[in-house]
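Beneath this line is the structure, given in structure tokens, with notes to follow.
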2 protein chains.
Amino acid sequence: MDIEQSTPHAHRAGGRAAKRAARTARAASMPYITRKIGVYEVLDEEGLALIENNAETILEEIGIDYRDDPEALAVWKAAGASVEGERVRCPRGMCRSLVQATAPRDFIQHARNPARSVPIGGKHTVFAPAYGSPFIRSLDDGRRYATIEDFRNFVKLTYLATSLHHSGGTICEPVDLPVNKRHFDMVYSHMKYSDKPFMGSVTHPERAQDSVEMAKILFGDDYMDPLTGKPKTVIINLINANSPMTWDSTMLGAAKAYARANQACVVTPFILAGAMSPVTVAGTAAQTLAEALSGMAFIQLVAPGAPVVLGSFASSISMQSGAPTFGTPEPALVLFVMAALARRLGVPFRSGGALCGSKIPDAQAAYESANTLLPTCLGGVNFVLHTAGWLEGGLAMGYEKFVMDVDQAGMMHTLLAGVDLSENGQAMDAIREVGPGKHFLGCAHTQANFETAFYRSPIADNNSVEQWEAEGSQDLAQRANASWKKQLAAYEAPPLDPAVDEALQDYMNRRKATFADSKY
Amino acid sequence: MDIEQSTPHAHRAGGRAAKRAARTARAASMPYITRKIGVYEVLDEEGLALIENNAETILEEIGIDYRDDPEALAVWKAAGASVEGERVRCPRGMCRSLVQATAPRDFIQHARNPARSVPIGGKHTVFAPAYGSPFIRSLDDGRRYATIEDFRNFVKLTYLATSLHHSGGTICEPVDLPVNKRHFDMVYSHMKYSDKPFMGSVTHPERAQDSVEMAKILFGDDYMDPLTGKPKTVIINLINANSPMTWDSTMLGAAKAYARANQACVVTPFILAGAMSPVTVAGTAAQTLAEALSGMAFIQLVAPGAPVVLGSFASSISMQSGAPTFGTPEPALVLFVMAALARRLGVPFRSGGALCGSKIPDAQAAYESANTLLPTCLGGVNFVLHTAGWLEGGLAMGYEKFVMDVDQAGMMHTLLAGVDLSENGQAMDAIREVGPGKHFLGCAHTQANFETAFYRSPIADNNSVEQWEAEGSQDLAQRANASWKKQLAAYEAPPLDPAVDEALQDYMNRRKATFADSKY
């Protein structure tokens, strides 16, 4: 399952500049994380089995609605489920069996740059930016609607971020473009301004199909896998349930289009617990599992073997105002439980990120984000949407927040690499050389390792208070503001075959001309 | 080991006000955490044994210096260690055997209010505020030297904080008082303005003895335990190693004074990795274990059975400037490793907190603090110093940071309580009642549980952006600023027998009069 990596090792000799270059190259060449530390579990076998049993009860007794999609109901009926109106009830174990029979345990999402292809599942973690915000926040502009220029900026910043492995999807909504045509420009931006893997449109089955057609143009002869005779998986897509226990025709239509093209679906109950699920962790987990099982099983019925990811998005809500709240303990518990349930089922898992409710990149945003991202990593999430930029419960994409979260994602690479127990890692030579009462700064081991010893944040300030004041007493957001501007100024696009570029633009222009702009 | 708790349960009936009162009472009456979720482990048996073996090599081959304390050297010599000059070398396994022979696996630190007594060790976690800052930071004053008034303020705020279980020790340095007399005022403040357990002075053996004498006055007839014939453990104390591999006479003297009075010592190598230990996690862990074993074994030789806690304070440093850095991944890994080593040894463990390098309570402070506190809780730390207030690598105690961290500590209570798998927790009735496509806000299960369903932050803002703007677009630090002022204004001291109060003041005044003020 591992993709071959040619990770250059740091040279012992060659001077500081060479070491720095080697370090940069190494960071840049890490296209995904392979965890070397275990996952954290909050429930034992008995607890997990209880929740699985409750999920089966939901699927059997209560059932799931498939709205406005007669084909879906026919598919379920043919498979042996009970269908009454739009309600589908499945015998215990049916959905689980369908998923386990044909869904891959893990798969590779190919990027146009093969060095950027990512494995989804197993011990791997892939970081993607936030998804879906209609608003932008920056220190310069405050809060305003997002535009396609913002979208391109975030594709570029994500391309430049060595700790993000994936270009994401609807990083922000380009509100300046017609709703029914903006998917062309978003998908094209991912293809043009990055060579990392990306996500397709899910807001209409036709837009999903457009995403697939553009991927065919981008990948050309590489689109079909000669080994399997099927398309390679080159797009991953966010298929949200309309919780509780409902799938709508838009999401079902997009899922069918992608699955039939062997593209991946992240089947995600999107749950604000207390509104769309019970106020408890165990209740939310059972419902999430039932909904996800139902969606993944449906995809396997439509396109056996199509890659699926079990997704879980769960926030708590303020029981006073009904507002979603993030970075609280309950969603972390849901995440740990769902990650374990996905492992038991045998499919990749998506959850978490750097979620927060704060409107601005302040301490609230940071506490909440860290309280989501660390469980994400310790829990063993495979595909992490919303790793960077998320503000205001997902309503706003923040430029400064993005830079701050990218830094945190970088730290997670080091955490997940675990403890080096080699002789160099044990460092007994250093302890022997230095001895009691001396210091380690100048010893041979420190000199040999200091370039790579500790994670280095590019934006944290650890200087003396005097120096920090002399540099303007800036907070983290101000330093992040300078960082993203500098990055955008230095951005260079990865090369793209001009003929491919032209073909993509031709396709978009031709398609856009066939129907009128619309607000829906 | 559990202290009997009379936790009132929330009543199902009785109206919103009664439920709110019950919730407040329950929070106020939780004097410590008993974790219901497992601990996170990063190393397996083989890895932990490797580090233990390296620690024994350090103790045997390299040895530990005991500076300026002939008694300590004599104690070690009599015990069978090799003593050359001030260097003590112990045969493999000697320190470990000494600790395991007589040190308690866990113990109770008694508070003057018995309902506030805390168990140290096992599945328990006790939160104490930050320790040792000479400076204060607030939004009002910026950064300035701390005073005894600040000290009292933080004792009061800690007393009021339902998520902090312990009054701590040198919460900040009262720089306005003479160095050689300020311990009286600090210890007295803990006794007078709080009824939570507290820490004693360690800056001179005589000051340790003063702390013990004042505790005798405070506890009166309750000081001696009739069951054991020994003093109850009523003070816990921070005994830092002078890393690498050195103990100095100040700390040794304080440790001896406390241990002989059956008071607890937190034996803590204080390590900025790269300066006081190797730049690696495994090397830092081996050295920390060796130093801690040496200190704890010495205490067991001096006072067999005296309570000890294995402490670990490890930060990374910036290899450019030498400045300590916090909230980075490497110290989290050290913490996970050391927690496991303490469990294998069979002693309580102290580490972590809400550490950060940021000068101000901004997003840097919050990311770094959360990246320390969450590993602290998942790793299984028993005694958590620095839970609230820490800024600038410990140089400054922040009023706003304190309030923010107290909120985070509250969240950890919920996290560590784990997943409720009762019928009410499973919430299948709610899922049955609501069904597909409806919402859970009004269902019976939600109504019965919403008061206690989710952790409620008193300072996070989850309102709409419009409401947040209407309320002044405040960041978390600004809301925290209003909070600590409101709390201090409403503070009421816990009752203290006037005769005891007078006796404490008599003792202090008498002792203060026996020697001149000094800056050392």
**Fill in**
Given 25 °C, 0.890 mPa s and a Kirkwood radius over Cα pairs, the Stokes-Einstein diffusion coefficient of the stretch B:418-520 in µm²/s is 121 µm²/s
**Fill in**
If the chain between A:R144 and A:D68 were fully extended at 0.36 nm per residue, the gain over the current Cα-Cα distance would be 23.9 nm
**Asked** How much of the accessible area of chain B, probe 1.4 Å, is carbon plus sulfur, in whole percent?
**Response** 53 percent
**Request:** Calculate the translational D of the protein assembly as shown in whole µm² s⁻¹ from Stokes-Einstein, where the hydrodynamic radius comes from the Kirkwood formula applied to all Cα pairs, the temperature is 20 °C and the viscosity 1.002 mPa s.
**Result:** 71 µm²/s
**Request:** May I ask you to derive the relative contact order of the stretch B:87-162, considering only C-alpha pairs under 8 Å and at least 6 residues apart, and to give it as an integer percent?
**Result:** 14 percent
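Can you figure out the FRET efficiency of B:Y520 with A:K485, using R₀ = 41 Å and their beta-carbon distance, to the nearest 0.05?
Taking R0 as 41 Å, the efficiency between B:Y520 and A:K485 is 0.20.
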**Tail fraction, Cα-Cα pairs, the stretch A:355-444, threshold 19 Å, whole percent** = 53 percent
**Complete:** Percent of all Cα-Cα pairs per 10 Å bin for the stretch B:252-390, counting from 0 up to the last occupied bin, reads 13, 41, 32, 12, 1
**Request:** Rank-order A:426-436, A:369-379 by packing density, defined as the average count of other C-beta atoms within 10 Å over each peptide's residues, highest first.
**Result:** A:369-379, A:426-436
**FRET efficiency, B:A115 to B:L421 (Cβ-Cβ, R0 22 Å, nearest 0.05)** = 0.15
**Asked** Using θ = phi - 60° and the Karplus curve 6.51 cos²θ - 1.76 cosθ + 1.60, what whole-Hz ³J(HN,Hα) does each residue of the stretch B:82-94 get, with Gly and Pro shown as x?
**Response** 7, 10, 10, x, 9, 8, 10, 10, 10, x, 3, x, 5
**Within 10 Å of each Cβ in A:472-483, the average number of Cβ atoms from other chains** = 3
**Request:** Output the relative contact order of the stretch A:371-433, whole-number percent, from Cα pairs under 8 angstrom with separation of 6+ residues.
**Result:** 24 percent
**Net charge, B:T280 excluded, C-beta distance under 13 Å - Lys, Arg +1, Asp, Glu -1** = -4
**Complete:** Partner aspartates and glutamates whose C-alpha sits under 13 Å from that of A:K485, ignoring same-chain residues fewer than 8 away, are A:D140, A:D150, A:E400
**Message:** For A:L355, what residues show an amide H to amide H distance below 5 Å, using hydrogens built from the backbone and excluding near sequence neighbours?
**Reply:** A:T372, A:L373
**Fill in**
Probe 1.4 Å, protein heavy atoms only: A and B together bury a total accessible area in Å², to the nearest 100, of 9000 Å²
**Prompt:** What pairs from B:K156/B:K256; A:K156/B:K401; A:K36/A:K196; A:K181/A:K256; A:K359/B:K438; A:K156/A:K181 go past 27 Å between their alpha carbons?
**Reply:** B:K156/B:K256; A:K156/B:K401; A:K359/B:K438
**Request:** Please name the residues of the stretch A:252-291 whose accessible area, counted over protein heavy atoms with a 1.4 angstrom probe, falls by no less than 40 Å² between the chain alone and the full protein assembly.
**Result:** A:A275, A:P278, A:V279, A:T280, A:A282
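Relative contact order for chain A: what percent, with Cα pairs under 8 Å and sequence separation of 6 or more?
18 percent
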**Prompt:** Given 5 Å bins starting at zero, what is the percent of C-alpha pairs of the stretch B:62-157 in each, up to the one with the largest pair distance?
**Reply:** 2, 9, 12, 11, 9, 10, 15, 14, 11, 6, 2, 0
**Request:** Could you provide, to the nearest whole Å², the per residue accessible area of the protein assembly as shown with probe 1.4 Å?
**Result:** 35 Å²
**Message:** When only alpha-carbon atoms are used, what values of Rg and Dmax, in angstrom, describe chain B?
**Reply:** 23.5, 79
**Asked** When Lys and Arg each count +1 and Asp and Glu each count -1, what net charge do the other residues less than 12 Å away from A:F198, Cβ to Cβ, add up to?
**Response** +3
**Message:** Let me check something: with ligands and nucleic acids excluded, how do B:V347, A:V75 order by accessible area (1.4 Å probe), largest to smallest?
**Reply:** A:V75, B:V347
**Amide hydrogen neighbours beyond the local backbone of A:N240, cut-off 5 Å, H modeled** = A:T268
**the stretch A:200-271: proportion of alpha-carbon pairs further apart than 14 angstrom, %** = 57 percent
**Prompt:** Amide H to amide H under 5 Å from B:M397: which residues, 5+ apart in sequence or cross-chain, H placed 1.01 Å off N in plane?
**Reply:** B:F135, B:I136, B:R137
**Fill in**
Calc'd 3J(HN,Hα), the stretch A:235-247, phi into Karplus 6.51 cos²θ - 1.76 cosθ + 1.60 (θ = phi - 60°), Hz, glycine/Pro = x, comes to 10, 10, 9, 9, 10, 8, 6, 9, 5, x, 6, 9, 10
**Request:** Please give the residues from the stretch B:317-339 for which the solvent-accessible area of heavy atoms, probe 1.4 Å, is smaller by at least 40 Å² with all protein chains in place than with the chain isolated.
**Result:** B:M319, B:Q320, B:P329, B:E330, B:L333
**Prompt:** At a 1.4 Å probe, which residues in the stretch A:403-421 are at least 50 Å² less accessible with all protein chains present than in their chain isolated?
**Reply:** A:Q408, A:M411, A:L415, A:V419, A:L421
**Asked** In whole Hz, what ³J(HN,Hα) sequence does the stretch B:284-300 give by Karplus (6.51, -1.76, 1.60; θ = phi - 60°), x for Gly and Pro?
**Response** 5, 5, 4, 5, 4, 5, 4, 5, 5, 4, 4, x, 5, 5, 4, 4, 5
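The values are calculated or read from the model by the stated rules, or taken from the named source; none is laboratory data. Note that the coordinates shown come from a computational prediction; the quantities given were computed from them, not determined experimentally. For neighbour counting, all protein chains shown are included, and Cβ atoms are generated from backbone atoms with ideal geometry for every residue, glycine included. Keep in mind that these areas ignore ligands, DNA and RNA; they rest on the heavy atoms of the full protein, side chains included. Shrake-Rupley method; radii C 1.70, N 1.55, O 1.52, S 1.80 Å.
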